[in-house]
Every structure is written in structure tokens, then in C-alpha cells.
Amino acid sequence: MACRISELVLDCQDPEALARFWCEALDFVVLDRVDDGSMEIGPREGFGGPQPTIILSPEEEPERAKPRLHIDVNATDRDQDDELERLLRLGARPADVGQTGQEPWYVLADPEGNEFCLLKARLDPL
């Protein structure tokens, strides 16, 4: 028997704003709100399905060191360039981490600056 990833936790200043961005980007919904301001977002089926949920945990000053983990996303119903335009309209912005411009992925940052990559391959929706 093995473990599997069930949740990702992201410290942030404004959980509501990041929930709006990531829910639109991933077609997630708000699953829970906690009294401390934390929010859990995830697939409509809820916790425990094939995709992990994301806990958005409020921190006044989230750590700004280079993260050791980031999220990669793939489009499911459009090509990479169309998905890039959609994510930029939602509030993502290009991020420079030293890429050459020849990579088959885009490095972006969410509205609070958390880096993530948009990969080229299109995946089947779940």
C-alpha cells in the first residue's frame, strides 16, 4: 500500500482572491471555509477523488523564498496558447525564472506571485 497526495497547502495573503483565480483556472469549487480564514478548494466531487484539493491558508507575510514545490497545469479543452491567454485574463502573469524561451512550457505566477507552469500536452478531462 502506498500514500497519495490528497491536499496541497498554499500560504497566501488573500485566500478569497486566490480561490477565485484557482477555481476558475482548474474548474474547482470552494469546498470549505474555516473560521481562521482558510479555504479548501477542489473538484466538485470533493476531497478524496483523483485530484488533490488545495488549502489556501492565510498568512500576513507568506514566505518569499524560492519555493521547493510548484504546480504544473495542462489544458484539457484547448491548445496551450489559448489556455495561456485564458490564464492571463484570469490574473496570471508571466514569470521569469531564467528560462531561455525555447521551453515547451510557460512559467506563470498567480495573483500573489506563486509560480506555476503551463505545460504543452493536452490532457483528457477527468
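Computing FRET efficiency as 1/(1 + (r/R0)^6) for Leu126 and Gln13, where r is the C-beta to C-beta distance and R0 is 30 Å, gives about 0.50.
Between the beta carbons of Arg33 and Asp81, assuming R0 = 35 Å, the FRET efficiency works out to 0.50 to the nearest 0.05. State the percentage of accessible surface on the stretch 69-126 attributable to carbon and sulfur atoms; use a 1.4 Å probe and exclude ligands, DNA and RNA. Its accessible area is 51 percent carbon and sulfur atoms. Rolling a 1.4 Å probe over the heavy atoms of the protein chains gives the stretch 58-111 an accessible area of 73 Å² per residue. Between Leu88, Leu31, Leu69, the residue with the greatest mean-square fluctuation in the GNM of the chain (Cα pairs under 10 Å linked by springs) is Leu69. Summarising the label geometry, the points placed 7 Å from Cα in the beta-carbon direction at Arg68 and Val97 lie 1.5 nm from one another. Its DSSP H runs of at least 4 residues, each contributing -39,500 (n - 2.57), put the calculated 222 nm mean residue ellipticity of the chain at -5500 deg cm²/dmol, to the nearest 500. Of all the options Arg64, Arg44, Arg33, the one that moves most in a Gaussian network model of the chain with Cα springs shorter than 10 angstrom is Arg64.
The values are calculated or read from the model by the stated rules, or taken from the named source; none is laboratory data. What you see is a predicted model, and the numbers here were worked out from it, not measured in a lab. Using ideal geometry, Cβ is built from the backbone for each residue, glycine included, and neighbour counts are taken over all protein chains shown. Heavy atoms of the whole protein, side chains included, go into the accessibility calculation; ligands, DNA and RNA do not. Shrake-Rupley method; radii C 1.70, N 1.55, O 1.52, S 1.80 Å.
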